[in-house]
Each structure stands twice: as structure tokens, then as C-alpha cells.
Amino acid sequence: MHILRAAEYRSMPWKNGGGVTTEIVVSPAAAGLDDFDWRISMARVENGGPFSQFAGIDRTLAVLEGEGISLDIAGRSPVAVTRAAAPLSFPADAPTAAALIAGPITDLNVMTRRSRMTHAVERLVISAPHEIQADADTTVILSLDGEIKVAGMSPAHLGALDTLLVERNAGKMLIEPAGISTLFVIRIDRVAGNN
């Protein structure tokens, strides 16, 4: 279990060249945009337009900052994703176009290669100590705002946009916020038969 600091994240161009993505963590560690098993990143979206497509990838998007974004996924009815909405999961290889609701946003992207990995993304707003079950192959906790303490860990504090990376079934962890804090809990598991 270790902490990834926001100041150390790596920035790179989007796959389609339309903007910049900030990579929080990727597996395997040296993987690029075409050969990762899983990837967690943030992106600043300044304009509407087409999303980058990733063959064989499942994706979940959540809004971290800004009013939100409307997604038209493979011609289905548009879906609005806002800071209050649940994270939205969809196939990253489906043609997807985005329209901003009211100005730029920053989003969180979680992507897994569907033949090898699965993922789930949960948003939590907490104001008191909270127990998180870290029972996945990999559990990632992103602190959106405020400061949180991880009981029993040193160094124990996560600041805004810092991430706690927990490998292999750590069990229950106690998270203690300094005030009201929003967390994203990301659970990543291998597909059965992929060891």
C-alpha cells in the first residue's frame, strides 16, 4: 500500500491529440495508451467533440470539477454526467461525442482491458471516519478535496488529488477525513483465468 502524490502524476497528449491527460497510475507500470491492462487518469476538457477510442477497453467517467458533460455514446440518447451524478461506465471503443454543459470540466477516467480486467468506481462523500473494504486485486482511493488520514499507515495523510494504491486484498481500511471529503474508490480485478 502506498501513496501517489498529485505533484508526481505524468501529463501527456490525449490519444486523439485533442487535449492533455494526467496519468495517475497505469498497469503495467511502463504501459502506453495502446497496451495497458488498466489506467486511471484525469483530463481537462475545454471543448466538446469526439472522445478518443480504445479498442477492447471498458471505461468509467466521473466529473471532478465543473458543471458537467453530456455524452452521446454510439448514437444512444445523450447522458449527462455531473459532479452529483454517479460515475458512468461505457465501452471505450464505442463512438462517443461530448458536449460541455456549461464551460470546461476536469474528469476522472478509469479504463480496463475487458479481456483481462474489470473495474468498479464509487463516489463517497464522508464527514466522519469511514471503513472501506479493499477486497479487490487492486483498490485505488482518490481524495478529491480536503485532507484524509489512513489509520495505521505512515505517512498517513492524503491531500487534494493524492491517491492511495492498495494491492491484493488488504481487507478493511479506516479513512478519517479532516472535514467533509469526497473520495473515489476504484476496485480493479482480474478476469477469471487471467493470472
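The values are calculated or read from the model by the stated rules, or taken from the named source; none is laboratory data. The structure displayed is predicted, hence computed values, not measured ones. Backbone-built Cβ (ideal geometry, glycine too); neighbour counts: all protein chains shown. The area values use the complete protein model at the heavy-atom level, side chains included, leaving out ligands, DNA and RNA. Shrake-Rupley method; radii C 1.70, N 1.55, O 1.52, S 1.80 Å.
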Of all residues in region 148-195, which are closer than 18 Å to ARG39 by Cβ and either out of contact with any strand residue (DSSP E or B) (no Cβ under 8 Å at 6 or more places or on another chain) or not in a loop (DSSP other than H, G, I, E, B) (or both)?
THR163, LEU164, LEU165, VAL166, GLU167, PHE184, VAL185, ILE186, ARG187, ILE188, ASP189, ARG190
Which of the strands (runs of 3 or more DSSP E) contained wholly in region 106-147 include at least 2 residues that are within 22 Å of GLY66 (Cβ to Cβ)?
117-126, 138-143
Of everything in region 178-195 that's modelled with pLDDT under 90 and of a type outside the set (Gly, Ala, Ser), which residue is most open to solvent (accessible area, probe 1.4 Å)?
ASN195
Matching option when the condition is modelled with pLDDT of 95 or more, more than 15 Å from the chain's Cα centre (by Cα) and either part of a loop (DSSP other than H, G, I, E, B) or not acidic (Asp, Glu) (or both), among SER77, SER41, SER52, SER70:
SER70
Breaking point among (1) open to solvent by 20 Å² or more (accessible area, probe 1.4 Å); (2) touching an Asp or Glu at 6+ places or on another chain (Cβ under 8 Å), for ILE148:
(1)
Quick one: VAL26 ticks every box in (1) of a type in the set (Val, Ile, Thr); (2) out of contact with any Lys or Arg (no Cβ under 7 Å at 6 or more places or on another chain); (3) modelled with pLDDT of 90 or more bar one, so which box is it?
(2)
Hey, can you tell me all the residues within region 12-55 that are open to solvent by 20 Å² or more (accessible area, probe 1.4 Å), farther than 22 Å from GLU167 by Cβ and of a type in the set (A, V, I, L, M)?
MET12, VAL20, LEU33, ALA55
Just need a number here: residues in region 80-94 that are over 17 Å from GLN53 (Cα atoms) and assigned to a loop (DSSP other than H, G, I, E, B).
6
For residues that are touching a Lys or Arg at 6+ places or on another chain (Cβ under 8 Å) and free of Cβ contacts under 8 Å to residues at least 12 places away in the same chain, scanning just region 151-162, find the one that is most open to solvent (accessible area, probe 1.4 Å).
HIS157
Conditions (1) farther than 15 Å from SER27 by Cα; (2) modelled with pLDDT of 95 or more: number failed by MET117:
(1)
Residue within region 169-177 that is more than 22 Å from ALA7 (Cα to Cα), loosely packed, with under 13 Cβ neighbours inside 10 Å and among the hydrophobic types (A, V, I, L, M, F, W, C) present
no
Flag if ALA7 is open to solvent by 30 Å² or more (accessible area, probe 1.4 Å), within 17 Å of MET111 (Cα to Cα), small (Gly, Ala, Ser) and without any contact (Cβ under 8 Å) to a residue 40 or more places away in the chain:
no
Whichever residue in region 99-145 is touching a strand residue (DSSP E or B) at 6+ places or on another chain (Cβ under 6 Å) and acidic (Asp, Glu) and, among such residues, is least open to solvent (accessible area, probe 1.4 Å):
ASP107
